[in-house]
Each structure stands twice: as C-alpha cells, then as structure tokens.
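Only one structure is covered here, and it is reproduced in the block below.
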Amino acid sequence: MKSVVRTAICMDTLITVKVVSVHSEQFMHQSIDQVFDLFTFVEATCSRFDENSEIRKISHHIGSAVTVSPLLFEAIRFSIELAEMTNGVFDPTIGRLMEEKGFARHYLNGSIPLPITDATPTASYKDIEIDEIRRTVKLSKPLVLDLGAIAKGMALDLAKRILEGFEGFYIDAGGDIYAGGTNESRQPWRVGIRHPLEKDLTICTLSISDMAVCTSGSYERISKHSGSHHLINPYNQASREDLYSCTVVAPFAMLADGASTAAFVLGYEQGRQWLDEAELQGLWITSSLQLYMTNDMKRYWYE
C-alpha cells in the first residue's frame with residue numbers, strides 16, 4: 001500500500017493528514033484537498049475571532065431566533081448537551097470570560113473582532129434556546145459564544161467521512177487526532193501523548209484504530225495579560241494549576257475534544273467519575289508529571 005502525507009496551517013494550528021491505501025496517489029491527494037477545505041469551512045463558521053464568522057454574527061443578535069447553518073446548529077446543540085452533562089463546567093458561553101482573561105486576539109494573525117460590549121457575566125448555556133425543527137438559535141442575554149473546545153473535533157469527524165473509504169488514515173489537528181483503519185504495517189496507529197515540559201518528546205504512547213484521541217493541555221495557550229492558561233472554570237473563573245493535560249479517547253472526535261476540556265477543568269477525581277459515567281477513557285498528567293487514568297485506559301496502552 002502507498003501512503004500520502006500533507007500538512008497545512010488551519011484553525012489556528014498545524015493540521016497533518018496521512019492516508020494509507022491501494023488507491024492512486026492522485027485520488028488520495030484529492031481527498032486530502034477536501035479535508036483541508038473542510039477545516040477551512042469549519043473555521044469560517046465557528047471562529048469567535050473572525051468578525052465575519054457565522055458564530056460571531058449571531059452573538060450580535062440578542063432576543064430573536066436566528067436560522068443558522070446545519071453545521072453551526074449541530075455544534076451549538078452538542079455544546080449545550082455537553083454543558084448539561086457537566087452541569088455547566090463545560091459552557092459555550094464562556095467567550096466573554098475568555099476575552100477578559102486575555103484571549104480576545106486570534107492566536108496566529110493577532111486580529112481582534114468587534115467587541116460585544118454588553119455581554120453579561122451572568123450568562124450561561126441556559127441562555128441559549130434552540131429549535132431543532134426550525135434550526136434556529138436564540139440568545140436570551142448578551143453573550144459571546146465560544147466553540148473552541150469542540151470545533152476541531154467536529155472538523156475531524158466530518159473529515160473522517162471523507163477518508164473512511166481508505167484502508168487507513170490519520171488526522172492530527174494540533175494534538176486532536178482521529179485514527180482510522182490501520183497503518184502501513186496493517187497495525188493500529190500509534191498515538192504519542194506529548195510530554196508537557198518537552199515539546200518534541202512523548203510521555204506515553206497509545207495504540208488506536210477507529211477512535212479519536214484529544215488532549216487539552218495547560219501549555220497550549222497562555223495569556224500574556226493574565227499569565228493563566230485557556231482552560232478556565234466558568235464557576236470560579238480560574239485556571240487550575242495542578243494539571244498539565246487531560247487526554248480522552250472516544251468513538252468520535254467532537255466528544256473526545258469537549259470531554260478532554262471538561263475532564264481537565266473537573267480535575268482527576270471528579271473528572272474520572274464523570275468519564276466513567278459517560279463510559280469514556282481518560283488520562284491526566286499532573287504538575288508533578290504523575291499519570292492517572294480511568295480503569296480501562298490501559299487497553300489502549302502501547303508498551
């Protein structure tokens with residue numbers, strides 16, 4: 001079998017796509033083109049840093065139901081579901097708090113969208129009303145929507161649909177990964193979990209096939225304004241310092257992406273209980289480089 005690998009910058013990060021197949025390289029390249037186009041489309045829809053994005057535009061419409069695209073509706077619907085599952089620890093209305101903490105600027109180009117000046121600190125996911133029949137979203141209070149914790153996962157899941165006809169494929173979106181099928185050796189894919197203190201080293205390796213692996217790390221985004229990282233608890237408005245990262249393995253990437261954020265914010269004890277209830281597997285790396293995991297995480301371990 002042949003393999004094709006391509007890398008590009010999109011969604012504020014480096015995206016790497018690898019396809020393994022008996023198909024022609026031309027066909028593999030065409031499919032990878034579609035994957036990168038998809039990531040660009042998801043970013044144009046869901047980025048709160050883009051004044052012209054669909055999500056930013058609806059944040060300027062308060063009190064009226066707005067018809068949105070199927071992609072944005074599904075992202076908002078899922079984020080509300082995850083917020084309910086975590087009792088608001090995961091909250092898609094955290095955008096205002098993120099901006100206050102110094103995360104108002106696009107990570108790569110430095111652009112800042114027009115502020116939503118009247119966004120209220122009391123807003124929560126409960127102030128979002130959705131109508132699944134009419135595909136509308138209504139914000140009952142001024143707020144800033146932020147889908148940064150699930151947008152890459154959603155893009156990975158949609159990209160999977162493009163590539164699932166190949167014998168194997170691997171998509172890495174800045175540490176959020178979907179590994180489909182098998183590698184060139186017809187073995188499960190090996191996914192390295194980054195060492196928190198050594199960017200080019202891994203602290204452990206997983207063996208994965210047809211699963212998503214997503215990591216939320218405190219080392220990824222640090223605010224020059226506040227000195228804190230971007231994984232913020234909406235209740236105490238603080239970033240925990242006892243963890244470096246949380247990795248979640250799940251059948252689809254949007255769930256793994258959002259769950260890794262929630263399980264990081266919850267911390268090991270509460271996060272493990274929550275992942276167990278959700279029947280997901282997770283791994284936490286503490287600030288002292290200790291590894292804690294759910295009971296069944298070991299089944300993905302590569303020795």
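The values are calculated or read from the model by the stated rules, or taken from the named source; none is laboratory data. In this text the structure is predicted, and so the values were computed from the model without any measurement. As a convention, Cβ positions derive from the backbone with ideal geometry for all residues, glycine included, and neighbour counts pool all protein chains shown. Please note that ligands, DNA and RNA were not included when accessible areas were found on the heavy atoms of the full protein model with its side chains. Shrake-Rupley method; radii C 1.70, N 1.55, O 1.52, S 1.80 Å.
Data table
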| item | result |
| --- | --- |
| In order through the range 284-299: 3J(HN,Hα) via Karplus (6.51 cos²θ - 1.76 cosθ + 1.60), integer Hz, x for Gly, Pro | 10, 10, 7, 5, 9, 6, 7, 10, 10, 8, 6, 4, 9, 5, 4, 5 |
| Global geometry of the chain, whether rounded, prolate or oblate, following the gyration tensor of its Cα atoms and the 1.5 cut on a/c | oblate |
| The chain: relative contact order in percent, alpha carbon pairs under 8 Å with at least 6 residues between | 17 percent |
| Between the range 79-100 and the range 165-192, the alpha-carbon center distance in angstrom | 30 Å |
| The range 3-71 - percent of accessible surface contributed by carbon and sulfur, probe 1.4 Å | 54 percent |
| Theoretical FRET efficiency, 1/(1+(r/R0)^6), r = Cβ-Cβ of SER207 and LYS126, R0 30 Å, to 0.05 | 0.15 |
| Rounded tilt (10° steps) of 25-46 against the dominant C-alpha axis of the chain | 20 degrees |
| Highest-fluctuation residue, SER140, SER218, SER24 considered, GNM on the chain with Cα pairs under 10 Å | SER24 |
| Label zone at ARG161, where the point sits 7 Å out along the Cα-to-Cβ direction: the range 31-69 residues whose backbone N lies under 20 Å | 31-47, 54-55, 68-69 |
| Long-range HN-HN contacts of CYS204 with modeled amide H, under 5 Å | ILE193 |
| Surface accessible to a 1.4 Å probe, CYS10 within the full protein complex, Å² | 10 Å² |
| For ASP210, distant residues with modelled amide H under 5 Å away | ALA179, GLY180, GLY181 |
| Shape call, the range 134-199: gyration tensor on alpha carbons, a/c limit 1.5 | oblate |
| Tilt relative to the chain, helix 151-163 - C-alpha long axis, 0 to 90 degrees, to 10 | 40 degrees |
| For the chain, accessible area per residue (1.4 Å probe, heavy atoms of protein chains only), Å² | 45 Å² |
